[in-house]
1. Can you put Asp155, Asp217 in order of accessible area, largest first, using a 1.4 Å probe?
2. Would you work out which of His75, Ser224, Ala298 lies farthest towards the positive end of the dipole of the chain, given +1 charges on the beta-carbon of Lys and Arg and -1 on that of Asp and Glu, about the Cα centre?
3. Lys302 to Asn115: extension gain in nm, 0.36 nm per residue of separation minus the Cα-Cα distance?
4. So, taking all protein chains as they sit and a 1.4 Å probe, how much accessible area belongs to Leu177, in Å² rounded to tens?
5. Please report, in debye to the nearest 20, how large the charge dipole of the stretch 107-235 is about its Cα centre when each Lys and Arg carries +1 at its beta carbon and each Asp and Glu carries -1 there.
6. Check each of the chymotrypsin sites (Phe, Trp or Tyr not before Pro) in the stretch 245-305 and keep only those in coil by DSSP with at most 13 other C-beta atoms within 10 angstrom; list them in order.
7. Phe216 accessible area, nearest 10 Å², 1.4 Å probe?
8. Quote the relative contact order of the chain in percent (integer), defining contacts as alpha-carbon pairs under 8 Å separated by 6+ residues.
Amino acid sequence: MLTQLSQLLDSNLFAQPIAAAVVHPTTDIVLQSCLDAQARGIINPILVGRRDKIEAAAHEANLDISGLQLIDAAHSHDAVALSAQLVRDKKATLIIKGSVHTDELMGVLVDKSQNLRTDRRMSHVWLMQSPTYHKLLTLTDCALNVLPDLLTKRDILQNAIDFAHALGIEQPKVAILSAVEEVKPQLPSTIDAAALCKMADRGQITGAILDGPLAFDNAISQQSADIKHIESPVTGDVDILLVPDLEAGNMLGKQLIYLGKAKAAGLVMGSKVPIVLTSRSDDELDRLYSIALGAFVAQQSKQGR
């Protein structure tokens with residue numbers, strides 16, 4: 001079971017490198033992270049994008065990409081479609097976001113014609129390692145679904161549970177977040193939290209222990225939960241935090257990174273293959289962690305886990 005992000009860079013973790021389509025890698029940091037991941041035996045990158053821009057970025061940064069497969073694309077939109085084609089042709093089992101906006105990338109990949117969708121909505125998971133928390137923590141959804149309704153939250157949550165299973169957590173503990181720990185009609189997120197817990201009771205969500213609504217403090221801190229007399233099987237030991245909406249999740253994740261000094265890796269789940277979703281502000285190590293995380297989940301999927 002993964003207990004820290006650095007384990008993702010262990011050369012013994014991967015039976016063989018994962019074939020990865022890298023979408024429009026026209027900056028030095030994207031190319032460097034792919035070369036680093038290849039050197040560690042994590043991926044075999046397939047660069048998909050405008051050849052002139054990719055080669056110019058590599059030349060300017062003095063990076064040798066001569067040994068990598070490069071598929072020329074007319075523009076970034078075309079690069080996304082060609083990357084999806086590589087997955088359909090079983091020539092890639094991982095997609096890595098390069099220098100392309102998330103809206104453009106996902107706008108193509110969620111289209112039914114690309115045949116990458118499953119029966120669930122795609123959603124984002126952010127795996128965090130915080131120096132003040134005792135284990136890895138998953139936040140979801142922090143990047144894709146803006147105002148998810150109840151059934152979308154069900155998909156987001158099941159994607160995150162499957163993600164936790166791939167990491168080796170057999171029965172992840174889930175806290176469904178709101179501003180308070182009581183069900184209040186004036187706070188719709190508390191109603192959704194209660195409904196999701198009942199859906200789990202009825203087998204509509206499987207593979208995890210759920211509780212909610214919970215405020216962030218009593219989800220993370222057992223001391224806080226005890227002070228408020230909250231009896232819960234997840235407080236103080238959560239593996240997954242389901243946030244009410246994208247704004248809350250995005251702010252929480254970035255606060256953990258910038259104020260809490262957390263390291264992070266991000267993926268899109270709910271697709272037929274994992275999609276590595278990095279930010280332009282991610283440093284080199286966070287990008288490498290995200291690539292390795294995507295490759296690890298892809299490997300687990302190939303092995304039926």
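1. Asp217, Asp155
2. Ala298
3. That pair, Lys302 and Asn115, stretches by 65.5 nm at full extension.
4. Number for this one is 10 Å².
5. Dipole size: approximately 280 debye.
6. Nothing satisfies the criteria.
7. Around 80 Å² of this residue is reachable by solvent.
8. Relative contact order here is 22 percent.
The values are calculated or read from the model by the stated rules, or taken from the named source; none is laboratory data. As the structure is a prediction and not an experimental result, all values here were calculated from the model. All Cβ positions, even for glycine, are placed from backbone atoms using ideal geometry, and neighbour counts span all protein chains on display. These area figures cover heavy atoms from the full protein model, side chains too; ligands, DNA and RNA do not enter into them. Shrake-Rupley method; radii C 1.70, N 1.55, O 1.52, S 1.80 Å.
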